[in-house]
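The structure appears right after this line, and notes come after that.
Coordinate-derived values only; no laboratory data. Remember, predicted model here, so these are calculated numbers, not experimental data. Cβ placement follows ideal geometry from the backbone for every residue including glycine, while neighbour counts extend to all protein chains displayed.
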């Protein structure tokens, strides 16, 4: 019972600028880079799920640059901007790692 909310990340070849045959790869990269984390909140408690939970065990994210460079929509980002986004992702995941200890 209660409210349910689903936020779904679905790759879009024409809008994101990549060959449709790479759709699954793009979706996986979003998670493997830590850019898009899979989680649920049940009774007010946050927990990572599925592939994101496995990233905690590995403690190794794929560089977000790989996700961005695979899509033309991000071609306007400079190296400096990508590095800053990577730094923010790393900070977020450092918090997740600490919770997992």
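Could you list, in sequence order, the residues of the range 75-88 that are loosely packed, with under 13 Cβ neighbours inside 10 Å and either in contact (Cβ under 8 Å) with a residue 40 or more places away in the chain or not in a helix (DSSP H, G or I) (or both)?
Correct list: 75, 76, 78.
In the range 58-74, how many are in contact with a helix residue (DSSP H, G or I) (Cβ under 8 Å, 6 or more places away or on another chain), loosely packed, with under 14 Cβ neighbours inside 10 Å and more than 16 Å from residue 9 (Cα to Cα)?
The total comes to 3.
Which count do you get for residues in the range 1-40 that are loosely packed, with under 15 Cβ neighbours inside 10 Å, under 16 Å from residue 64 (Cβ atoms) and in contact with a strand residue (DSSP E or B) (Cβ under 7 Å, 6 or more places away or on another chain)?
0
Going through the range 41-57 one residue at a time, which ones are within 13 Å of residue 93 (Cβ to Cβ), surrounded by fewer than 16 Cβ atoms within 10 Å (Cβ to Cβ) and touching a strand residue (DSSP E or B) at 6+ places or on another chain (Cβ under 7 Å)?
Hit for the range 41-57 is 56, nothing else.
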